[in-house]
Amino acid sequence: MKGLFLCIATLFLACSVGAQTVKMSLQEALAEGVSNRLEMKARQLEIQIAQGADAKLRAGWMPQVQGNVDVRYNTQLQKSVLPIGEFGIPGTPSDATKTVAFGVPFQSLVGIDVSQKIYDPARATDKRLNLAQIGVQGAFLEQDVLGVKAQIAAAYYNLLLEQENLQLAVAALDRRQTQFNTAAVRFQNGALLQDDLDRTALDLSSARLQQKQATQNVLLAQSQLAYRLQLPAGETITPADSLVGLLDRIQVRNAAANAIERPEITAEKLQRDINGLNAAREKMALRPQVSAYGNVSLLGLDDQFSTFNYVGLRVKAPLYDGRLARLNADEFRLRQQINDVNISRLEADIAWAVQSARVKVEQALENLQESQQNLATARQLLRTAQNRYDNGALVPADLKDSEYSLQEAENRYRSAVYQVLSADLEYRQATGDFNGF
């Protein structure tokens, strides 16, 4: 108990100096991390950009108004030769010509041009493309969320595992301390050799070192989890979930969990839709586009001003593009086939990953149950051996054997816990389901 008190005090002092400790469950840690992580914020901005494309499309169908102002001074007027002899002017020879300067020195023009799209065959397809792009960014966001949750869950699991290792190290230190105290009494009574006492002291020193390393590992695991959550500087996390409770929930969840469609498959399906829409859009590029236009202008020639205006209808239709649109459409259809292949591959890979992870979870849970039973048996055997040793009915070598058996059982228990947590994390990643903690 003294070792446990010292360990708790060490952790308390380490977390209190310039740090704020926050208690969180795994579910709360997942939500906090998704909210804080910078890549999540960057992906949200990508979605906003994709959503803005639809607004740009609507803006392109609004009337486009452009103003023009042209003020000039003609430093030299353009001259032209007129055949005035052919005008039938009396007294003018028939072959007579005259050089005339056209224009005025000062000229200005102020005008407003207006254009409005009337028909664009690709308009509806462009809207569907924008929606698909938003969906792709949403799938990428969900994929990033799963990745972040996997990192946070791994760090949370690691912290729980290091805390469990610390508890085992503290218990081992208490045992070593008790053994050393008993050995010291027996040595004073002449019932124990100096070498045996020295070995007991060495074991106690090793247990202290192991407890110190375990404490440092807990602090490091707390720091790693705080980094994964991207908490403010100075904040650390204390798990609100216990390892035992989490292991129990893993058993229930493993029996009831159902796989959901992974965002990678969703994104690939949307990319397939986008390629199909692009292929259709290439065909629409061969259809005519219709727009209306108009102009109102004020023309100034020296000090004389006049206005003019006009309206028109413009039809733009490609006549021959060298089969470029058809070639582009064929390329997009080939890309659709690639998407289909990728979807089949992803579905097969994910199905295998789910099946493999489920088997690993089941096997790990069985190993954990067996290791827990072996650990309880090893502890009981050590207690019995310790009592016999205290009463002088057992030699130190036999007590050491019981101690080694317990250490081996503890190591197997640590390994079994790690395997369960790792298999559970692998299963959650395979199914894309991080609920049910």
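The values are calculated or read from the model by the stated rules, or taken from the named source; none is laboratory data. Because the structure is predicted, anything quoted here is derived from the model rather than measured. A quick note on method: Cβ atoms are made from the backbone with ideal geometry, for glycine too, and the neighbour counts reach across all protein chains shown.
Mind checking whether some residue in segment 341-350 is more than 30 Å from Asp433 (Cα to Cα), surrounded by 12 or more Cβ atoms within 10 Å (Cβ to Cβ) and under 34 Å from the mean Cα position of the chain (by Cα)? Checking segment 341-350: not a single residue is more than 30 Å from Asp433 (Cα to Cα), surrounded by 12 or more Cβ atoms within 10 Å (Cβ to Cβ) and under 34 Å from the mean Cα position of the chain (by Cα). With respect to being surrounded by fewer than 19 Cβ atoms within 10 Å (Cβ to Cβ) and closer than 30 Å to Asn181 by Cα, Arg379 fits the description.
Does any residue of segment 275-282 turn out to be closer than 30 Å to Gln116 by Cβ, among the charged types (D, E, K, R), free of Cβ contacts under 8 Å to residues at least 60 places away in the same chain and in contact with a strand residue (DSSP E or B) (Cβ under 8 Å, 6 or more places away or on another chain)? For segment 275-282, residues closer than 30 Å to Gln116 by Cβ, among the charged types (D, E, K, R), free of Cβ contacts under 8 Å to residues at least 60 places away in the same chain and in contact with a strand residue (DSSP E or B) (Cβ under 8 Å, 6 or more places away or on another chain): absent.
Listed by first and then second residue, the pairs linking a residue in segment 418-433 that is over 8 Å from Ala357 (Cβ atoms) to a residue that is of a type in the set (S, T, N, Q) and part of a helix (DSSP H, G or I), with Cβ atoms under 7 Å apart and 6 or more places separating them unless they lie on different chains, are Gln419/Asn367.
Going by the conditions given, is Lys149 surrounded by 21 or more Cβ atoms within 10 Å (Cβ to Cβ) and among the basic types (Lys, Arg)? Please lay out each step first, then the result.
Working: surrounded by 21 or more Cβ atoms within 10 Å (Cβ to Cβ): yes; among the basic types (Lys, Arg): yes.
Criteria met by Lys149.
State whether the residues of segment 295-317 include one that is modelled with pLDDT under 90 and under 43 Å from the mean Cα position of the chain (by Cα). No: zero hits. Since Phe305 meets every condition but one in (1) in a helix (DSSP H, G or I); (2) surrounded by 11 or more Cβ atoms within 10 Å (Cβ to Cβ), which condition does it not meet? It is condition (1) that Phe305 fails. Taking segment 388-437, which residues are over 30 Å from Val145 (Cα atoms) and assigned to a loop (DSSP other than H, G, I, E, B)? Matches in segment 388-437: Asn391, Gly392, Ala393, Leu394, Val395.
Scanning segment 355-376 for residues that are surrounded by 19 or more Cβ atoms within 10 Å (Cβ to Cβ) and of a type in the set (Val, Ile, Thr) gives a single hit, Val361.
In segment 294-302, is there at least one residue being more than 30 Å from Val110 (Cα to Cα), outside any strand (DSSP E or B) and in contact (Cβ under 8 Å) with a residue 60 or more places away in the chain? No: segment 294-302 contains no residue that is more than 30 Å from Val110 (Cα to Cα), outside any strand (DSSP E or B) and in contact (Cβ under 8 Å) with a residue 60 or more places away in the chain. For segment 13-26, the criterion of being modelled with pLDDT under 80, of a type in the set (A, V, I, L, M, F, W, C) and not in a helix (DSSP H, G or I) is met by at least one residue.
Return yes or no: is Asp340 acidic (Asp, Glu), on the phi > 0 side of the Ramachandran plot and touching a residue at least 40 places away in the same chain (Cβ under 8 Å)? Taking the combined requirement at face value, the residue does not satisfy it.
Here Asn254 meets each of (1) within 27 Å of Leu141 (Cα to Cα); (2) at pLDDT 90 or above with one exception, condition (2).
Against the test of being farther than 30 Å from Gln224 by Cα, among the β-branched types (Val, Ile, Thr), at pLDDT 85 or above and not in a loop (DSSP other than H, G, I, E, B), the options Val81, Val69, Val100 yield a single qualifying residue, Val69.
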